[in-house]
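Student: There's a structure below that I have some questions on.
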Amino acid sequence: MSSAQIEIQLIASLVAIACAIPGTFLVLRKMAMISDAISHSILPGIVIGFFITQDLNSPLLIFLAALTGIITVVLVEYIQKTGLVKEDTAIGLVFPILFSIGVIMIAKNANDVHLDVDAVLLGELAFAPFDRMLVYGVDVGPKSLWIIGTILLITVALLIAFFKELKVSTFDAGLAASLGFSPAIIHYGLMAVSSVTTVGAFDAVGAILVVALMISPAATAYLLTNNLKRMLVYAVCFGVISAISGYWLAHFLDASIAGSITTMLGVFFLGVYLFAPNKGIIAVMYREKQQRIEVSLLTFLLHLKNHKEKSERHVNHLNEHINWQKVRSKTVLDLALKNNMIYIDKHIVSLTEKGEGFTSKAITYIITNKDAQIEDMKDDFFLFRG
Amino acid sequence: MSDKIAVKVDDLTVAYNYKPVLWDIDLEIPEGVLMAIVGPNGAGKSTLIKSILGILKPIAGSVEIFGKPYAKQRQIVAYVPQKGSVDWDFPTTALDVVIMGTYGSLGWIKRPRQKEKKAALEALEKVGMLPFKNRQISQLSGGQQQRIFLARALVQNASIYFMDEPFQGVDATTEIAIINILKELRKAGKTVIVVHHDLQTVPEYFDWVTFLNVKKIATGPVKDIFNDDNLTKTYGINYKVSIQE
Amino acid sequence: MDITEYIKLVFTDYTLRTITLGTAILGAVTGMLGSFAVLRKQSLLGDAISHAALPGIAIAFLITGAKDGNILLLGALVSGLIGTFWIRGIISKTHLKSDTALGLILSLFFGFGMLLITFIQKQPNANQAGLDKYLFGQAATLVERDVWMMALVTGICLFVLLLFWKEFKILLFDADYTKTLGFNTKFIDILITTFIVLAIVLGLQTVGVVLMSAMLLAPAAAARQWTNSLSVMVFLAAIFGAFSGVVGTAISASENNLSTGPVIVLVAGVFVIFSFIFSPSRGLLFKQIRFIRNRRDLQLQKTLSFMFHIAETHENIGHPHAIKILNNFQGFTKGSLQKLVQKNYVKIHGAMWSLTEEGFKTAANLYNQQTQKNE
Ligand SMILES: Nc1ncnc2c1ncn2[C@@H]1O[C@H](COP(=O)(O)OP(=O)(O)OP(=O)(O)O)[C@@H](O)[C@H]1O
Ligand SMILES: [Mg+2]
């Protein structure tokens, strides 16, 4: 590995971490699309900053661009408050308009501004190591590394300092307000950090990858855990692993690094989406099937308990009257027999003592709305699950 | 009231996300009654109506309308949903909403014409909302909105009406106006099923009642079964309602 | 270049005519279908789909090896639809919310498309691989064939829209009720979604991925402010969209260095801002004016009823009282007194005032009116 390669991977990893942290909170606060809006609407800020400084990496430019990000959020919220359009329409209107203003500002000053809009959106990590940071003439590494490193440091410091506030205001804004943290300050603080991170990262990886790095690792992590700390750790790990593996994918395919990193993010998300132990699609479908059978079983038992008359308890009644397909009624019957809930005497089905107990308990729980206890109860009563 | 059964529900079990909310409901509603469904919040009253109307798919059980499955009898069933299920800011006027009641009988593609519009205006007249026919629906008060949805059901010219809390957020005058319309429907031989919360008015408004709380507690004529025993069974706490004769 | 000259040019110059026509048709169809997206609360779907179309374009290119516009369009359509239904799958099957699902599909599909395109072109630099064309679109590359294609799709859209108008309308308004009437809501839903995706894909070449969302939303959001009828709204949105296309093209054609897409979006944005402020029934300006006027009326009424209560104490309602008494009343000003005199409710004799017959009646009625209004 050449030193340029190492530097690229380092930059990509730092960007991934810096994005994953605010991203986790954006996902939890149902504001993921705001990051997409910010990543586009910072353009006019970048352009104005570039007019003034002529340097994409100057702190002033970062400040101005981040300010545009905040303005976007404020504007969106203002439009939402007027009630003239629905909430998400406001987002979808504001960012393309701000972005267009940026594009036109560049076009009108094409002679003075050598700023490539595509580069803002797509970025080019491969070039990042060439822009060096010189301190008194000494090369201390790529500029992007320093910028993103600084942003990351600030983000982590803020995260540690305000972790409790962030957590409370994310999960219970009302409680946060009553505890004396202003939800508005946390909200705009988070927006500010997201904007600054977006601006700091776009030069290296492009605005669209920033969006991917903010949302995907957090969403992937969220499918694995509900614990905030763990979710942060997982998100950071997914981000970094995708960044490094994405770099090598690009290397071997000779393709865009940003595109490859995003693709790796997608691969990880897809994997977790399918196979996550509790919330993955396969687990969910399996559980749904199991629950469907078990609910059918409950229904069946309740039916037996409700009806003393024999005609209602005939085996064939299951098919005719309760209106189930043959397969399901057989599964349910088998499951009930296996679990010793019923016995069949001359085609007439009756509850066993155990079945009676189980059914009565289940009814009580459902009427008093204690659904969770039904699941526990199933563990007590069932020898075999559906 | 005739001897015919308008709605027959058999062993109906319904679950959201596999959490059962209605269990093994057997219910027979005779033709020509004005029936209240009562039960605490979350008892499954809306769920019962929705599954009778095929909006929700039950896990088990069957529903028959005059002896045939619902899908075959749609034309003779009308529905007033519980408030809040629609987009209030939708660009549509009161008259427009009422005309929607005719869409079912029109079927696919065919457009409402003068005849449908006339029927809609008549229905608006009946609920006393004619002066508001060109109002955007969010600019109506809660009670007025409720009356618009009642008119939309009336225009369907059905034999059976299902209404999910038509008296919610309605003042006393409007409530009387609505109940008079419902009584008129019953006089015309229609079956009307209403989810109702105000227990005090049940004996005054209805002739038939169903107590529901996850299971069916009781169903029958108000004068026979509307008593403290059933109320206690349904609401859990000791209920005392003085029934006016 | 003045306007008449420009208009002449539109009719004579092939390129300009094609672009103008193309953007006008595009604006009309996105405005039309955008109305449905806005009303379905799927405003951001447009943004997600336009990004999600990219891998489809790349794969279509990879398979056919040709840059035939229509095949690429088909690829974009397929991939846009996959993206849309995947978004729904994520929302319904996991606990991730719609914003996360949208953002995920948007960025992941786009990144994957970027990988494919750079891989095909063997150009590690994404800008050089021709990706920028899809980012902002290039209206200048429109040819007559594209315009025909757009016209055809718009025609089909319009036909389907008119055919299923009633069904679309009722589904958007009240989905559950639609089901009870016996309509197949899934079918209607898929139909609307497919056409929205189609309109988005159609616009990619002209306005590009990034700005597509505004093309879809801006005309609809502006149109909503002027009417309470769905048909008028859809019609207005189509007009606003087409107009934005034509004007945007004109502005960008008459200035150097201005790409068409952003200008069109800004023109559409002006429509939105204008509508938000100046719409007579919903606009912010008139709302503010109404608010101020109501407050002033209320103040006047309060002053009048204060006077009424003083006048009541005398048998003769026209009995004069000192103006000084009124100073005790909060909200009393010289101006409001003047207003009352103008309305002939009050008479002034030097430092004294008295209620007129008319003023007394109005004040007496005030209470009843107020309660009536609240009903
Ligand atoms: N879409 C849904 N998903 C999951 N659970 C639901 C859903 N709708 C209702 N429930 C649950 O089903 C139960 C019955 O709800 P339903 O709306 O039928 O009650 P209800 O008797 O109409 O109550 P209310 O008087 O408040 O209208 C409640 O416990 C409710 O939490
Ligand atoms: Mg209900």
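Student: Checking B:LYS118 against (1) free of Cβ contacts under 8 Å to residues at least 12 places away in the same chain; (2) not in a helix (DSSP H, G or I), only one condition comes out false. Which one?
Tutor: B:LYS118 satisfies every listed condition except (2).
Student: With the condition kept exactly as written, say whether any residue in the range C:300-309 is open to solvent by 90 Å² or more (accessible area, probe 1.4 Å), out of contact with any helix residue (DSSP H, G or I) (no Cβ under 7 Å at 6 or more places or on another chain), more than 14 Å from chain A (Cβ to nearest Cβ) and not in a helix (DSSP H, G or I).
Tutor: Taking every residue of the range C:300-309 in turn, none turns out to be open to solvent by 90 Å² or more (accessible area, probe 1.4 Å), out of contact with any helix residue (DSSP H, G or I) (no Cβ under 7 Å at 6 or more places or on another chain), more than 14 Å from chain A (Cβ to nearest Cβ) and not in a helix (DSSP H, G or I).
Student: Residues B:PHE206, B:PHE162: which one is under 15 Å from the mean Cα position of the chain (by Cα) and either small (Gly, Ala, Ser) or within 16 Å of ligand 2 (Cβ to nearest atom) (or both)?
Tutor: B:PHE162
Student: Something else now. Having 3 or more residues that are out of contact with any strand residue (DSSP E or B) (no Cβ under 9 Å at 6 or more places or on another chain) and open to solvent by 40 Å² or more (accessible area, probe 1.4 Å) is the bar; report the helices (runs of 4 or more DSSP H) wholly within the range C:20-122 that clear it.
Tutor: Here the list reads C:54-64, C:69-93, C:98-121.
Student: Filter the range A:254-272 for residues that are closer than 12 Å to A:ALA212 by Cα and of a type in the set (Ser, Thr, Tyr) and give the result.
Tutor: A:SER260, A:THR262, A:THR263
Student: Another question about this same structure. Would it be correct to say that C:LEU258 is without any contact (Cβ under 8 Å) to a residue 60 or more places away in the chain and under 30 Å from B:ALA158 (Cβ atoms)?
Tutor: Here the answer is no, as C:LEU258 does not meet what is asked.
Student: Under 6 Å by Cβ, and 6 or more places apart or on different chains, what pairs join a residue from the range A:85-104 that is facing chain C (nearest Cβ under 7 Å) with one that is in a helix (DSSP H, G or I) and open to solvent by 30 Å² or more (accessible area, probe 1.4 Å)?
Tutor: These pairs meet every condition: A:SER100/C:LEU266.
Student: With the condition kept exactly as written, say whether any residue in the range C:270-282 is out of contact with any helix residue (DSSP H, G or I) (no Cβ under 8 Å at 6 or more places or on another chain) and at pLDDT 90 or above.
Tutor: yes
Student: Kindly indicate the residue of the range A:247-262 that is facing another protein chain (nearest Cβ under 9 Å) and of a type outside the set (A, V, I, L, M, F, W, C) and also most open to solvent (accessible area, probe 1.4 Å) among those meeting that condition.
Tutor: Looking at residues that are facing another protein chain (nearest Cβ under 9 Å) and of a type outside the set (A, V, I, L, M, F, W, C), I get A:ASP254.
So that you can scan it fast, the table gives a plain yes or no per residue for (1) touching a helix residue (DSSP H, G or I) at 6+ places or on another chain (Cβ under 8 Å); (2) part of a helix (DSSP H, G or I); (3) within 16 Å of ligand 1 (Cβ to nearest atom):
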site	(1), (2), (3)
B:ALA153	yes, yes, no
B:GLN156	yes, no, no
B:PHE162	yes, no, yes
B:ALA177	yes, yes, no
B:ASN180	no, yes, no
B:GLU184	no, yes, no
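Student: Looking at A:LEU26, is it within 11 Å of chain C (Cβ to nearest Cβ) and under 14 Å from A:VAL193 (Cβ atoms)?
Tutor: yes
Student: Any idea how many residues of the range C:173-224 are within 10 Å of chain A (Cβ to nearest Cβ) and among the hydroxyl-bearing types (Ser, Thr, Tyr)?
Tutor: Residues flagged as within 10 Å of chain A (Cβ to nearest Cβ) and among the hydroxyl-bearing types (Ser, Thr, Tyr) within the range C:173-224 amount to 1.
Student: While we're looking at this one, here's another question. Could you figure out which of (1) within 26 Å of B:PHE226 (Cβ to Cβ); (2) modelled with pLDDT under 85 isn't true of B:GLY44?
Tutor: Status for B:GLY44: all satisfied but (2).
Student: Does B:ILE99 satisfy being away from ligand 2 (no atom under 15 Å from the Cβ) and of a type in the set (Val, Ile, Thr)?
Tutor: Yes, satisfied.
Student: Separate question: Working only within the range B:139-151, note down all residues that are within 16 Å of ligand 1 (Cβ to nearest atom) and farther than 22 Å from B:LYS187 by Cβ.
Tutor: B:GLY142 - this is the single residue of the range B:139-151 that is within 16 Å of ligand 1 (Cβ to nearest atom) and farther than 22 Å from B:LYS187 by Cβ.
Student: Which fully enclosed helices (runs of 4 or more DSSP H) of the range A:92-191 have 3 or more residues being within 27 Å of C:LEU216 (Cβ to Cβ) and hydrophobic (A, V, I, L, M, F, W, C)?
Tutor: The helices (runs of 4 or more DSSP H) meeting that bar are A:117-122.
Student: Working only within the range B:1-42, note down all residues that are within 16 Å of ligand 2 (Cβ to nearest atom), open to solvent by less than 10 Å² (accessible area, probe 1.4 Å) and within 20 Å of B:GLY236 (Cα to Cα).
Tutor: Listed by number, the residues that qualify are B:LEU22, B:ILE25, B:ALA36, B:ILE37, B:VAL38, B:GLY39.
Student: Further, regarding this structure: State all residues of the range B:76-85 that are facing chain C (nearest Cβ under 8 Å) and surrounded by fewer than 20 Cβ atoms within 10 Å (Cβ to Cβ); if no residue qualifies, say none.
Tutor: Answer for the range B:76-85, where residues must be facing chain C (nearest Cβ under 8 Å) and surrounded by fewer than 20 Cβ atoms within 10 Å (Cβ to Cβ): just B:SER85.
Student: Would you pick out the residues in the range C:38-91 that are in contact with a Lys or Arg (Cβ under 8 Å, 6 or more places away or on another chain) and without any contact (Cβ under 8 Å) to a residue 40 or more places away in the chain?
Tutor: Residues satisfying the conditions are C:LYS41, C:ILE91.
Student: Another question, then. Need pairs with beta-carbon distance below 7 Å; first residue within 13 Å of chain C (Cβ to nearest Cβ) and within the range B:43-72, second in a loop (DSSP other than H, G, I, E, B) and more than 16 Å from ligand 1 (Cβ to nearest atom); sequence gap 6+ or separate chains.
Tutor: B:ILE65/B:GLN73
Student: Going by the structure shown, is C:ILE156 at negative phi, at pLDDT 90 or above and either within 14 Å of chain A (Cβ to nearest Cβ) or open to solvent by less than 10 Å² (accessible area, probe 1.4 Å) (or both)?
Tutor: So C:ILE156 fails the test.
Student: Would you be able to say whether some residue in the range B:122-134 is more than 16 Å from ligand 2 (Cβ to nearest atom), polar (S, T, N, Q) and either open to solvent by 30 Å² or more (accessible area, probe 1.4 Å) or away from chain C (no Cβ under 14 Å) (or both)?
Tutor: yes
Student: All but one of (1) assigned to a helix (DSSP H, G or I); (2) among the aliphatic types (A, V, I, L, M); (3) at the interface with chain C (Cβ under 9 Å from one of its Cβ atoms) hold for A:MET231, so report the exception by its number.
Tutor: Condition (3) is where A:MET231 drops out.
Student: Pull up the range C:346-363, narrow it to residues that are in contact with a strand residue (DSSP E or B) (Cβ under 7 Å, 6 or more places away or on another chain) and not in a helix (DSSP H, G or I), then point me to the one that is most open to solvent (accessible area, probe 1.4 Å).
Tutor: Once the filter is applied, the top-ranked residue is C:LYS347.
Student: Another one. Looking at A:LEU265, A:LEU224, A:LEU232 in this structure, which one is of a type in the set (A, V, I, L, M, F, W, C), touching a residue at least 24 places away in the same chain (Cβ under 8 Å) and open to solvent by less than 10 Å² (accessible area, probe 1.4 Å)?
Tutor: None of the others qualify; the one that does is A:LEU265.
Student: Exactly one of these conditions fails for A:ILE344: (1) in a helix (DSSP H, G or I); (2) open to solvent by 40 Å² or more (accessible area, probe 1.4 Å); (3) in contact (Cβ under 8 Å) with a residue 24 or more places away in the chain. Give me its number.
Tutor: (1)
Student: Let me ask something else. Which of the residues belonging to the range B:73-90 are under 20 Å from B:LEU154 (Cα atoms) and away from ligand 2 (no atom under 16 Å from the Cβ)?
Tutor: If the condition is that a residue be under 20 Å from B:LEU154 (Cα atoms) and away from ligand 2 (no atom under 16 Å from the Cβ), then B:GLN73, B:ARG74, B:GLN75, B:ILE76, B:VAL77, B:ALA78 are the ones that fit.
Student: Quick check, is B:TYR103 at pLDDT 90 or above and closer than 23 Å to B:SER51 by Cβ?
Tutor: Judged against the criteria, B:TYR103 is a match.
The values are calculated or read from the model by the stated rules, or taken from the named source; none is laboratory data. As the structure is a computational prediction, the values presented were derived from the model and not from experiment. All Cβ positions, even for glycine, are placed from backbone atoms using ideal geometry, and neighbour counts span all protein chains on display. Heavy atoms of the whole protein, side chains included, go into the accessibility calculation; ligands, DNA and RNA do not. Shrake-Rupley method; radii C 1.70, N 1.55, O 1.52, S 1.80 Å.
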